[in-house]
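I have placed the structure first, in the form of structure tokens, so that the comments after it can refer back to it.
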Amino acid sequence: MSDRILRPALVLGLLSSIGPFAIDMYLPAMPEIGAALGTTVQGMQGTIVAYFIAFGLAQMIYGPWADRSGRKPPLYAGIAVFILGSVVCTFAPTVEWLLVGRAIQGLGGAALMVVPRAIIRDLYTGPQATRLMAAVMMVISVSPMLAPLAGSGLMAVVGWRWIFGALVVAAVASLTILALFQPETLHEEDRQPFNLAAMRRGAAVLFTDPLFMGLTFLGGFGMASFFVFIASASFVYTGTFGLSPTGFSLAFAVNAIGFFGASQVAGPLGMRHGAPKVMAWASAGFAFFTVLLFALALAGFVSLWLCMAGLFLANACLGLIIPTAMVMALDEHGDIAGLASSLGGTLQMLAGGLMIVAVGPFFDGTATPMLGAIALCGVLVLALSRLVRSRQAAALA
């Protein structure tokens, strides 16, 4: 990897990792936190939904702000808000206060997702942008591999509240990285005025672009499958499969490796075969593995190892889909990259949050409802992939 890709990948990846750490670190502790605060499984899943909904909606603020003032000011503000939310979570006396803290974390963490994507668009387009996006995701991949282990370790030694205290420290470190190592990438002459009329015009362009909307929801339902797994896996793996918090952390890391490992070849495959073909292959594979795994669950054949293997393969396909969809969605909208990134991120987060809410009433502690929701996401991803490809073919005709 050249230094032109490596340096921004490290900086943007470390900044972008704060949000995933806020999710992944406390996953092993969710059953214990629920018991300590006297709430249900659905109550704890609500803390995930609160984070995702706030995270998604806040992107509509940070994107236009980043287009108007440059990329760094909204990043500074987002980190400050994230620190406030982490402090609230650390001292939360009830699940209601934890919900509030998680929502505030989401409001701040959104900046660390939407603005780096706009920075990538500032630097590159096409396959080069896909390579940088994949490299950033490789850095982010540290989160699902190390964050749950770190969370289970902190929970065992000093208690679950220190998981959120550690997030405060990580956010302060990200402020230092931002100040010292990330230059401004949006030049003065390229900045867009922030007003409701300009935002409405930009949003109208995006909402009426079938390719942008198709790619956004394609990636959104792909991410929604991962969100369902995040919200349910700790209860399934510890309750149904009998894993310890540390055992769950290791199983979670294995499933995540498939996603982030595959994301590293998304750029090279896109350059060699074209992004539309990669999207079509990966979407078909994702649908196949998720539906097969759900069918096996309905038949009563899903063990821990089969569940892990099936999700590993499905997430490997997903690792090809997400970075490719993100880059393709932004390629034609460089003049409003911040708004496009924020609107796309908002719609994707809302899709993920709503999917968690939809599956919540059916959750019974077993793997079947979780795998059913993931399979539904797989079918929707495949359908949208076919629709996007047909739109592209019609545009070229």
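The values are calculated or read from the model by the stated rules, or taken from the named source; none is laboratory data. It should be emphasised that the depicted structure is a prediction, and the values quoted were computed from it without experimental measurement. Neighbour counts are summed over all protein chains in view; Cβ atoms, including those assigned to glycine, are modelled from backbone coordinates with ideal geometry. Only protein heavy atoms, including side chains, enter the accessible area calculation; ligands, DNA and RNA are left aside. Shrake-Rupley method; radii C 1.70, N 1.55, O 1.52, S 1.80 Å.
With surrounded by fewer than 20 Cβ atoms within 10 Å (Cβ to Cβ) and either modelled with pLDDT of 85 or more or of a type outside the set (Asp, Glu) (or both) as the only criterion, which of Phe21, Phe91, Phe52 stands out?
On the way: Phe21 fails: surrounded by fewer than 20 Cβ atoms within 10 Å (Cβ to Cβ); Phe52 fails: surrounded by fewer than 20 Cβ atoms within 10 Å (Cβ to Cβ).
That would be Phe91, the only listed residue that is surrounded by fewer than 20 Cβ atoms within 10 Å (Cβ to Cβ) and either modelled with pLDDT of 85 or more or of a type outside the set (Asp, Glu) (or both).
What do you reckon, is Ala266 open to solvent by less than 10 Å² (accessible area, probe 1.4 Å), in contact with a helix residue (DSSP H, G or I) (Cβ under 8 Å, 6 or more places away or on another chain) and modelled with pLDDT under 80? First the steps, then the outcome.
Values: open to solvent by less than 10 Å² (accessible area, probe 1.4 Å): yes; in contact with a helix residue (DSSP H, G or I) (Cβ under 8 Å, 6 or more places away or on another chain): yes; modelled with pLDDT under 80: yes.
So Ala266 fits the description; yes.
For segment 1-18, enumerate the residues that are open to solvent by 20 Å² or more (accessible area, probe 1.4 Å) and assigned to a loop (DSSP other than H, G, I, E, B). Spell out how you get there, then give the answer.
Start the filter on segment 1-18 by keeping residues that are open to solvent by 20 Å² or more (accessible area, probe 1.4 Å), which leaves 1-4, 6-8, 10, 14.
Listed by number, the residues that qualify are Met1, Ser2.
Output yes when any residue across segment 219-241 is open to solvent by 20 Å² or more (accessible area, probe 1.4 Å), of a type outside the set (Gly, Ala, Ser), touching a residue at least 12 places away in the same chain (Cβ under 8 Å) and farther than 30 Å from Gly153 by Cβ, and no when none is.
Taking segment 219-241 and keeping what is open to solvent by 20 Å² or more (accessible area, probe 1.4 Å), we get 221, 223, 226, 235, 238-241.
Filter once more, keeping what is of a type outside the set (Gly, Ala, Ser): 221, 223, 226, 235, 238, 240-241.
In the following step, the residues that additionally are touching a residue at least 12 places away in the same chain (Cβ under 8 Å) were identified as 221, 223, 226, 235, 238, 240-241.
Subset that is farther than 30 Å from Gly153 by Cβ: 221.
Yes - at least one qualifying residue is present in segment 219-241.
Answer yes if at least one residue in segment 33-42 is modelled with pLDDT under 85, open to solvent by 10 Å² or more (accessible area, probe 1.4 Å), assigned to a helix (DSSP H, G or I) and of a type in the set (S, T, N, Q), and no otherwise.
yes
Taking segment 169-214 as the search range and keeping residues that are closer than 19 Å to Ile120 by Cα, free of Cβ contacts under 8 Å to residues at least 24 places away in the same chain and not in a helix (DSSP H, G or I), which one is least open to solvent (accessible area, probe 1.4 Å)?
Checking each candidate, the answer is Pro183.
Taking interchain pairs and intrachain pairs at least six residues apart, which have beta carbon atoms under 7 angstrom, with the first residue in segment 108-136 and at pLDDT 75 or above and among the charged types (D, E, K, R) and the second open to solvent by 10 Å² or more (accessible area, probe 1.4 Å) and assigned to a loop (DSSP other than H, G, I, E, B)?
If the second residue must be open to solvent by 10 Å² or more (accessible area, probe 1.4 Å) and assigned to a loop (DSSP other than H, G, I, E, B), the pairs left are Asp122/Thr185; Asp122/Leu186.
Condition first: surrounded by 19 or more Cβ atoms within 10 Å (Cβ to Cβ), hydroxyl-bearing (Ser, Thr, Tyr), under 30 Å from Ser69 (Cα atoms) and in contact with a Lys or Arg (Cβ under 7 Å, 6 or more places away or on another chain). Can you find one or more residues in segment 334-350 that meet it?
Within segment 334-350, one or more residues are surrounded by 19 or more Cβ atoms within 10 Å (Cβ to Cβ), hydroxyl-bearing (Ser, Thr, Tyr), under 30 Å from Ser69 (Cα atoms) and in contact with a Lys or Arg (Cβ under 7 Å, 6 or more places away or on another chain).
From (1) under 30 Å from Phe241 (Cβ atoms); (2) out of contact with any Lys or Arg (no Cβ under 7 Å at 6 or more places or on another chain), pick out the condition that doesn't hold for Arg71.
If we test Arg71 against (1) under 30 Å from Phe241 (Cβ atoms); (2) out of contact with any Lys or Arg (no Cβ under 7 Å at 6 or more places or on another chain), just (1) comes out false.
Does Thr208 qualify as being β-branched (Val, Ile, Thr), out of contact with any Lys or Arg (no Cβ under 6 Å at 6 or more places or on another chain) and closer than 27 Å to Thr368 by Cα? Step through it out loud before you land on a result.
Details: β-branched (Val, Ile, Thr): yes; out of contact with any Lys or Arg (no Cβ under 6 Å at 6 or more places or on another chain): yes; closer than 27 Å to Thr368 by Cα: no.
Taking the combined requirement at face value, the residue does not satisfy it.
Spot the failing condition for Leu296; the list is (1) in a helix (DSSP H, G or I); (2) over 24 Å from His273 (Cβ atoms); (3) open to solvent by less than 30 Å² (accessible area, probe 1.4 Å), and only one is missed.
Unmet for Leu296, out of (1) in a helix (DSSP H, G or I); (2) over 24 Å from His273 (Cβ atoms); (3) open to solvent by less than 30 Å² (accessible area, probe 1.4 Å): (3).
Please determine, by comparing only the residues of segment 65-88 that are among the charged types (D, E, K, R) and in a helix (DSSP H, G or I), which one is most open to solvent (accessible area, probe 1.4 Å).
Taking segment 65-88 first, the residues among the charged types (D, E, K, R) are 67-68, 71-72.
Imposing the further condition that a residue be in a helix (DSSP H, G or I) reduces the set to 67-68, 72.
On the way: Asp67: 13, Arg68: 112, Lys72: 35 Å².
So, considering only residues that are among the charged types (D, E, K, R) and in a helix (DSSP H, G or I), the one most open to solvent (accessible area, probe 1.4 Å) is Arg68.
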